[in-house]
Amino acid sequence: MGCCKSSTAAVTPTVQPLSTEEFDEKDDANLMYSQLFKELVEQIPEHDRFKVISYCPDLYTKRNLWNLISTKPQLLDRTNLMRRKIQDKNPLFALGHLLLEMRSYDRAEYFYLKSLSQQTNDWKRLSIIYNNLARVYYEQEKYDQVLKYYHKNMNLLQKNLPDDDPNLSVDYNNIGTVYKKQKRFDLALLFFQQALNLGMKANQPDEKLIALFYNNIGLAHNAQQNFAQGLIHHENCLQINQRLLPTAHPSIGIIAS
């Protein structure tokens, strides 16, 4: 969908009656997104709504889409599921979620940054915003920006959690994944290994995650042509997956090969 970034563009939604035939020609996903956008806009203070609408005029309508959505059971279920998925007490943050789901990354970035500017002392919410901004940039392959926000998040978590908290393992793995994308394999290995070390310290280690960490370490070694080390870690991954997955699962065949 197109995006209008101007905060001053005039938006005058038309209110002419729309026939069922016209609605039926619309894509169901667009109906869902427009309805959810409308619901979120209505939660924003009135003096700020104009700017939000002018930024995404293609999503806004005054028409009642809900009556039409309610006549389509599958679309109704999808809309209710998406509403639960994006809901948040801050409508700007929820708009970021919605636009990320739409793969409208520039607009998702805009709303996440707006919600970031409103965030103060809640470090857990701030962590979520940092991670979501990183995801926005990851989807656009803007890896330096991804690392900026992953490292911001890591610094935040380290201030609020013990250094050896196993919950940090996923964050270390995420950073390692970006370094691997950039072919900075030494750094990737450093973070993958830290992810594995922390993951193993959990009272009940998540074996699926441990297998993932082993696999990522193996891939990074292989990329550096350290095939013996790569094989050791892939074998560790395979042993775990053989316990967790059915024998015929395709992942086992891929690792074993």
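Computed about its Cα centre, the charge dipole of the chain is approximately 380 debye, with only Lys, Arg, Asp and Glu carrying charge at their Cβ. Each residue was assigned an accessible area with a 1.4 Å probe, and for Tyr143 the value is about 40 Å². Between the Cα long axis of helix 105-118 and the first principal axis of the chain there is an angle of about 90°, rounded to the nearest 10. Kirkwood Rh and Cα-based Rg: tell me the resulting Rg over Rh for the range 126-257, rounded to two decimals. So for the range 126-257, dividing Rg by the Kirkwood Rh gives 0.99. Over the chain, accessible surface divided per residue gives 56 Å², non-protein components excluded, 1.4 Å probe.
Note on Gln239/Gln87: beta-carbon distance plugged into 1/(1 + (r/R0)^6) with R0 of 30 Å gives a FRET efficiency of 0.15. Near Ser169, once Lys and Arg are set to +1 and Asp and Glu to -1 for all other residues with Cβ below 15 Å from its Cβ, the sum equals -4.
Looking only at the range 105-139, which residues have a backbone nitrogen under 18 Å from a spot 7 Å from the Cα of Leu161 in the C-beta direction? Inside the label zone: 122-135. When every Cα-Cα distance of the range 43-154 is counted in 10 angstrom steps from zero, the calculated P(r) takes the values 13, 40, 33, 13, 2 percent. Projecting the Cα positions of Tyr33, His234, Leu113 onto the charge dipole of the chain (unit charges on Cβ atoms of Lys, Arg, Asp and Glu, taken about the Cα centre) puts Leu113 furthest along the positive direction. Fraction of C-alpha pairs exceeding 30 angstrom in the chain: 45 percent, rounded to a whole number. Rounded to the nearest 10 degrees, the angle from helix 185-200 to the longest Cα principal axis of the chain is 90 degrees.
Once R0 is set to 30 Å, what does the formula 1/(1 + (r/R0)^6) return for the Cβ-Cβ distance between Gln204 and Lys181, expressed as a FRET efficiency to the nearest 0.05?
Here the calculated transfer efficiency is 0.45.
For the chain, the longest principal axis of the alpha carbon atoms and the long axis of helix 169-181 meet at an angle near 90°. Across the accessible surface of the chain, with the other protein chains kept in place and a 1.4 Å probe, carbon and sulfur atoms take up 49 percent. Distance between the C-alpha centres of the range 115-169 and the range 174-188: 17 Å, rounded to the whole angstrom.
The values are calculated or read from the model by the stated rules, or taken from the named source; none is laboratory data. Keep in mind it's a predicted model, so treat the numbers as computed, not measured. Positions of Cβ are backbone-derived with ideal geometry, glycine not excepted, and every protein chain shown enters the neighbour counts. With ligands, DNA and RNA removed, areas are computed over all heavy atoms of the protein, side chains included. Shrake-Rupley method; radii C 1.70, N 1.55, O 1.52, S 1.80 Å.
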